[in-house]
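A quick write-up on the structure given underneath.
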Amino acid sequence: MKNTDFARSKNYDVIVIGGGPAGSTTAALVAEMGHRVLLLERHKLPCFKIGESLMPATYWTFKRLGVLEKLKASHFPKKYSVQFYSDAGKASAPFYFFENDSHESSVTWQVLRSEFDQMLLENAREKGAEVQRGVSVHEVLFQGNRAVGVRAKRSDGNLEELAAKVIVDSTGQSTLISRNLKIKTTEPKLKKASIFTHFEGGIRDAGIDEGATLILHTENKDSWFWYIPLPYDRVSVGVVGSIDGLLQNRRSRDAQLDHQAIFGEELEKCVPLKRRIENAKQLFPVKVTKDFSYRASCIAGEGWVLVGDSFGFLDPVYSSGLFLALKSGEMAADAINEAFEKGDFSGKQLGCFGPEFVKGMEALRKLVYAFYTKDFSFGRFLKRFPDCQQGIVDILSGNVYRKDVSGIFGPMGQMCPLPEELTL
Ligand SMILES: Cc1cc2nc3c(=O)[nH]c(=O)nc-3n(C[C@H](O)[C@H](O)[C@H](O)COP(=O)(O)OP(=O)(O)OC[C@H]3O[C@@H](n4cnc5c(N)ncnc54)[C@H](O)[C@@H]3O)c2cc1C
């Protein structure tokens, strides 16, 4: 692009690419400070997305965004707890978040993503962001090392170049910037795949357990299922296992085996879950995703910053994805607002929240590794180290930025190998 053309293109303070929870959060909190924010979302209409269970600590970002009352008035089931089932089908006692903290933030929600994402996008618009749907960003434009704009395609096929002082990549697993800059690193020990769908009419527990997330191991602990109650009598059900075990080895044994059949085979190995959905109606063919655990080696550069999944994703097991998307959106917005105050759009300024953000993410990552260690059990761990109960519930609640949870990892390290801590 010639400099003259670019000078004629439209100018914004901030362009946010992607209207998921991370992008909408950043856009709302920057726009409400009076900056000119353009948010571009490729989908014309709200659509299905996986990732429906919230962590309690999302409360604090919702509060800042001003959407708590909307969530309280919504039809999203309330989530008071998470409960684990062993490979032998034995249920743990539910981990009730309010036992740890009686504040109302201990109750959260199970959300239908099309409605939830739309609510956050509308909130960004209400706070002053210009939101355009049906616009797909093809490229982030750089002058030297500095991001200066985007090249975007509208639904009518027209290409447009738009300039901004800050480009926020919130493209989720598309990881637009980190793929192009080749700064994306995968987690070799977390090479997982997932097969999932929705059912109508699954069996729910009674009372406050009605909206609980269930995490159920299959026999031999080779894979696990989630069971997440949603509105409209729906339940989200998905299985997660290693890419080899769940997909590749199976396919090389029987090329005809489709994903639906694999889902059925896994269900046979998870009796408590099978019982819950045997009379329920599957609402659409299973969907598949894989290789979803990765991280970028840096979070920001000159004129650009990564938020949510575009920076990294751990694993679905503790439902931390939305929490980290919202939290990084909030932290990045603060860094961007400060950048405008100082007139400093360097990577150092835009990424100043990175070390603190990654520290919280690392606490969750260690717990993910513990979950996948076959001979480790949280029940046995807490029997030996009962004082660690509080720390575990804190991490499961997402209280990794409000409290120091590091105390549990010394004892835990005595019972299972924990990963080296990553920093930025
Ligand atoms: C199997 C599985 C199960 C999960 N379960 C949970 C769960 O229970 N709870 C939980 O908290 N998390 C869960 N997650 C994770 C969660 O879904 C994500 O962490 C979360 O959606 C991240 O939000 P985001 O805003 O970063 O990205 P996204 O929600 O993916 O949003 C990105 C947006 O960017 C748009 N976009 C992409 N590219 C472009 C482009 N070039 N131009 C314009 N727009 C673009 C997309 O259309 C999308 O709307 C799960 C993930 C997986 C893989």
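The values are calculated or read from the model by the stated rules, or taken from the named source; none is laboratory data. Just so it is clear, the model here is predicted, and its values are computed rather than measured. Counting neighbours? That spans all protein chains shown, and the Cβs are built from the backbone with ideal geometry, glycine included.
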For the range 144-170, which residues satisfy the criterion of being of a type in the set (S, T, N, Q) and either in contact with a helix residue (DSSP H, G or I) (Cβ under 8 Å, 6 or more places away or on another chain) or within 22 Å of Leu324 (Cβ to Cβ) (or both)?
Ser170
Take residues that are within 11 Å of the ligand (Cβ to nearest atom) and tell me which of the strands (runs of 3 or more DSSP E) falling wholly in the range 80-184 contain 3 or more.
135-143, 146-154
Being buried (at least 19 other Cβ atoms within 10 Å of the Cβ) and not in a helix (DSSP H, G or I) is the filter here, so list the residues in the range 53-76 that pass it.
Ser53, Leu54, Met55, Pro56, Ala57, Val67, Phe76
Checking Lys374 against (1) closer than 19 Å to Leu54 by Cα; (2) among the charged types (D, E, K, R); (3) outside any helix (DSSP H, G or I), which single condition isn't satisfied?
(1)
Of all helices (runs of 4 or more DSSP H) completely enclosed by the range 219-329, which ones contain at least 3 residues that are surrounded by fewer than 23 Cβ atoms within 10 Å (Cβ to Cβ) and touching a residue at least 24 places away in the same chain (Cβ under 8 Å)?
259-268, 271-277
Go through the range 330-351 and count every residue that is free of Cβ contacts under 8 Å to residues at least 60 places away in the same chain and closer than 13 Å to Ile177 by Cβ.
1
Being assigned to a helix (DSSP H, G or I) and buried (at least 17 other Cβ atoms within 10 Å of the Cβ) is the requirement here; does Asp387 meet it?
no
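Just to check your reading of the model, which residue among Lys374, Lys383, Lys403 is touching a helix residue (DSSP H, G or I) at 6+ places or on another chain (Cβ under 7 Å) and without any contact (Cβ under 8 Å) to a residue 12 or more places away in the chain?
Lys403
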Every residue in the range 181-200 that is without any contact (Cβ under 8 Å) to a residue 40 or more places away in the chain and either in contact with a Pro (Cβ under 7 Å, 6 or more places away or on another chain) or of a type in the set (Lys, Arg) (or both), please.
Lys182
Quick one: would you say Met33 is within 15 Å of the ligand (Cβ to nearest atom), assigned to a loop (DSSP other than H, G, I, E, B) and touching a helix residue (DSSP H, G or I) at 6+ places or on another chain (Cβ under 6 Å)?
no
Leading residue by the ranking (nearest to Ile299 (Cα to Cα)) among those in the range 330-371 that are of a type outside the set (Ser, Thr, Tyr) and not in a helix (DSSP H, G or I)
Gly351
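Okay, residues lined up against (1) in the same structural domain as Met55 (by TED's automatic domain parsing); (2) within 12 Å of the ligand (Cβ to nearest atom); (3) among the aromatic types (Phe, Trp, Tyr):
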| position | (1), (2), (3) |
| --- | --- |
| Pro285 | no, no, no |
| Gly303 | yes, no, no |
| Gly312 | yes, yes, no |
| Ser319 | yes, yes, no |
| Phe323 | yes, yes, yes |
Residue count for the range 189-213, restricted to those that are in a strand (DSSP E or B), hydrophobic (A, V, I, L, M, F, W, C) and either more than 13 Å from the ligand (Cβ to nearest atom) or farther than 27 Å from Pro417 by Cβ (or both)
3
